[in-house]
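Beneath this line is the structure, given in structure tokens, with notes to follow.
The values are calculated or read from the model by the stated rules, or taken from the named source; none is laboratory data. The structure presented is a predicted model; accordingly, all values stated were derived computationally and were not measured. Because the Cβ atoms are built from the backbone with ideal geometry, glycine has one as well, and the counts that use them run over all protein chains shown.
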Amino acid sequence: MTYEPALPDGTLAGARAGSGNFSVVFSGLAAHAGRNPDDGRNAVLAAADLALRLKRLSHEGLSVNPAKIEGGGPNNIVPDHAILRVNFRPRTPEITTQTDEDLRRIIADIEREHDVRAHLHGSFGRPPKPIDSEAEKLFGLVKQCGADLGLSIAWRSSGGVCDGNNIAACGVPVVDTMGVRGGNIHSKDEFLIVESLVERAQLSALTIMRLAAKGAL
């Protein structure tokens with residue numbers, strides 16, 4: 001069990017997408033923006049073009065978030081350096097493999113079309129987390145413990161990732177949203193429902209006691 005927050009109504013995350021974080025470093029060629037701009041190779045423009053092309057890879061099984069572009073300087077200089085940071089959330093291992101291939105292909109296209117050099121850094125650090133039969137058993141135990149405490153426990157798939165992705169990849173059943181109820185995470189409006197502190201502690205305690213008593217799922 002890990003302690004990401006549950007949803008406001010207590011719903012748990014079930015299957016999860018994977019996650020890949022990458023940085024692409026572009027090296028172009030500086031030039032004067034007025035005298036000889038065409039002699040330059042605009043690294044910021046290449047990074048922006050890559051961001052748009054990667055975003056177009058998004059589909060039902062993959063979300064793509066170009067998160068940040070760094071680079072450039074004075075307005076009168078064609079920028080020769082830029083970095084694009086991007087996050088991918090693939091839902092299956094097959095989509096992970098395809099996305100990695102697409103990323104490298106598109107970067108090669110950008111290098112050729114913009115006449116810049118690009119260096120890729122990063123990886124898919126968290127694999128997708130499906131719900132297998134052993135995970136279903138653990139979810140079932142948590143659901144029953146919740147019912148005995150007067151709590152309605154349900155779960156649904158999530159695009160978020162956490163340590164549970166890597167735990168599940170090792171073949172260990174995991175429920176990774178045993179934390180407090182809350183919402184709007186990663187925003188200025190993130191909140192915690194205070195009364196859920198006690199109920200979620202009780203849910204964990206009862207689940208652990210029953211796991212200990214049974215010795216196995």
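Here are the numbers for the structure shown:
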| read-out | value |
| --- | --- |
| In the range 52-110, the residues that are closer than 16 Å to GLY125 by Cα and of a type in the set (Val, Ile, Thr) | VAL64, VAL86, THR92, ILE95, THR96, THR97, THR99 |
| Some residue of the range 156-163 being under 18 Å from PRO5 (Cβ atoms) and among the polar types (S, T, N, Q) | yes |
| Out of ILE77, ILE95, ILE106, sole residue that is surrounded by 14 or more Cβ atoms within 10 Å (Cβ to Cβ) and touching a Lys or Arg at 6+ places or on another chain (Cβ under 6 Å) | ILE106 |
| Residues of the range 111-152 that turn out to be basic (Lys, Arg), within 19 Å of GLY171 (Cβ to Cβ) and assigned to a helix (DSSP H, G or I), as a count | 1 |
| Complete set of residues in the range 132-159 that are surrounded by 18 or more Cβ atoms within 10 Å (Cβ to Cβ) and under 20 Å from SER63 (Cα atoms) | SER158 |
| Test: residue in the range 179-191 that is surrounded by fewer than 16 Cβ atoms within 10 Å (Cβ to Cβ) and part of a helix (DSSP H, G or I) | no |
| Test: residue in the range 206-214 that is of a type in the set (Gly, Ala, Ser) and over 29 Å from THR92 (Cβ atoms) | yes |
| Every residue from the range 184-196 that is at pLDDT 95 or above, of a type in the set (A, V, I, L, M, F, W, C) and within 26 Å of the chain's Cα centre (by Cα) | PHE191, LEU192, ILE193 |
| Residue among ALA46, ALA67, ALA108 that is in contact (Cβ under 8 Å) with a residue 12 or more places away in the chain and in a helix (DSSP H, G or I) | ALA46 |
| Conditions (1) surrounded by 15 or more Cβ atoms within 10 Å (Cβ to Cβ); (2) touching a strand residue (DSSP E or B) at 6+ places or on another chain (Cβ under 8 Å); (3) assigned by TED's automatic domain parsing to the domain that holds GLU195; number of the one not met by PRO173 | (2) |
